[in-house]
1. For segment 49-66, name all the residues that are away from the ligand (no atom under 16 Å from the Cβ) and buried (at least 21 other Cβ atoms within 10 Å of the Cβ).
2. Does residue 124 qualify as being in contact with a helix residue (DSSP H, G or I) (Cβ under 9 Å, 6 or more places away or on another chain) and more than 22 Å from residue 248 (Cβ to Cβ)?
3. Sort out which residues of segment 92-111 are away from the ligand (no atom under 16 Å from the Cβ) and within 19 Å of residue 122 (Cα to Cα), and write them in order of number.
4. Conditions first: (1) in contact with a strand residue (DSSP E or B) (Cβ under 8 Å, 6 or more places away or on another chain); (2) within 16 Å of the ligand (Cβ to nearest atom); (3) modelled with pLDDT of 95 or more; (4) under 25 Å from residue 3 (Cβ atoms). Residue 163 passes all but one, so which condition is the exception?
5. What number of residues in segment 117-147 are surrounded by fewer than 21 Cβ atoms within 10 Å (Cβ to Cβ) and over 17 Å from the mean Cα position of the chain (by Cα)?
6. Being away from the ligand (no atom under 16 Å from the Cβ) and either farther than 25 Å from residue 88 by Cα or at pLDDT below 95 (or both): is that true of residue 26 here?
7. Identify all residues within segment 184-211 that are more than 13 Å from the ligand (Cβ to nearest atom) and outside any strand (DSSP E or B); write none if there are none.
8. For segment 212-229, which positions are surrounded by 16 or more Cβ atoms within 10 Å (Cβ to Cβ), more than 9 Å from the ligand (Cβ to nearest atom) and on the phi < 0 side of the Ramachandran plot?
Ligand SMILES: Cc1[nH+]cc(COP(=O)(O)O)c(CN[C@@H](CCC(=O)O)C(=O)O)c1O
C-alpha cells in the first residue's frame with residue numbers, strides 16, 4: 001500500500017492492511033463518534049522509543065468518557081500491540097494512530113447496542129507541514145471558522161467528529177495560499193491550529209492559550225512548556241491571547257505530535273518578527289529534537305523503548 005506498511009491491529013488481532021475494513025453502516029462513520037490519538041515512535045540513540053506514550057494512552061481513555069465508550073483492552077495490551085506493530089514492520093520511527101469508535105450494529109444517533117471497536121495503525125510520517133517548514137517556518141491564515149466552544153463539545157476529548165472544523169479551517173487556509181490555519185474560539189481569542197497548539201514569544205517571555213480557551217490539552221504543548229521552563233524561560237500557560245497579539249508577536253510556533261515544533265513566520269498579511277524561525281523558537285525546537293532523539297539523557301521518563 002502507499003503508506004509502506006502492511007499490518008493493522010484490530011481488537012486483539014493483527015490483520016493485513018487490505019483486510020482492515022469496516023461496514024459502511026458503522027456508527028462512527030455516520031456520526032463522528034470516535035476518539036483517537038496521534039503519537040510518535042522516534043529512532044533514538046538507544047533504539048526506537050515511544051514518546052510520552054503513557055500520556056497518549058491515558059488521554060485516549062479519557063476521551064472515551066463523555067461518549068461512554070469502553071475500550072475493552074488494558075493500557076498494557078495497547079502498548080504491547082503498538083510495539084509489536086512496530087517490530088513486525090521493522091520501523092525505527094513512525095507515527096502511531098490508535099482509534100476507538102462505535103462500530104456496526106444499528107443506526108440512529110444513540111449508539112445503544114453498537115460495539116466499541118479499537119484499532120491501532122502505525123506508518124512512517126515525516127514533517128507534518130513539510131521539511132522546509134521546520135527550518136523556515138510557515139505562513140498561516142486566521143480562519144473565518146471558529147473553534148467549537150468547550151461548552152458545546154468537550155474540546156479536551158480528541159474526538160474524530162471535531163476534525164471537520166479542522167478541515168474547514170485548514171482547507172480554507174490552503175485554498176488561499178497559506179500552509180495552515182489559526183482558529184479563534186467563540187470569544188474571538190486565539191485557540192490553536194487545526195491539529196496543533198500555538199505558542200507566542202514576546203519580549204523574551206513565552207505565552208500559550210490556557211486550557212479554558214477551548215483547546216486540546218496537547219502533550220507536546222505540555223512537554224515544550226516543561227522544556228522552556230527548564231531552559232529558564234517564563235512561560236504563561238493559562239492566558240487568553242487576542243487576535244491582535246498575533247501581529248505584535250516577536251515569534252510564533254505550533255506544537256503537536258505530528259507538527260512537532262513548527263515556526264510560524266507570517267499571519268495573513270503580517271510578517272512575524274524577521275519573517276523567519278525566531279531565535280527562541282529555534283532554541284526550543286533544537287532542544288525538543290535533541291530530547292526526542294535522545295541526544296540528551298534528560299526526560300528519560302518520557303520514553304518507552306520498543307525493544308525493551
Ligand atoms: C486540535 C489539536 N490541537 C493540538 C494538537 C497537539 O496535541 P499533541 O499531539 O498532544 O501535542 C493536536 C494533535 N493533532 C494530531 C492529529 C494530526 C492529524 O492531522 O490527524 C497529531 O499531531 O498527531 C490537535 O489535533
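The values are calculated or read from the model by the stated rules, or taken from the named source; none is laboratory data. Since the structure is predicted, the reported quantities are computational estimates derived from the model, not experimental observations. Note: ideal-geometry Cβ built from the backbone for every residue, glycine included; neighbour counts use all protein chains shown.
1. 49
2. Values: in contact with a helix residue (DSSP H, G or I) (Cβ under 9 Å, 6 or more places away or on another chain): no; more than 22 Å from residue 248 (Cβ to Cβ): yes.
Answer is no for this residue.
3. Scanning segment 92-111 gives a single hit, 92.
4. Exception for residue 163: condition (1).
5. Residues meeting the conditions: 10.
6. Details: away from the ligand (no atom under 16 Å from the Cβ): yes; either farther than 25 Å from residue 88 by Cα or at pLDDT below 95 (or both): yes.
The answer is yes for residue 26.
7. Pass one, segment 184-211, residues more than 13 Å from the ligand (Cβ to nearest atom): 184, 186-189, 200-207, 210.
Selection gives 186, 187, 188, 203, 204, 210.
8. 213, 225, 227, 228, listed by residue number.
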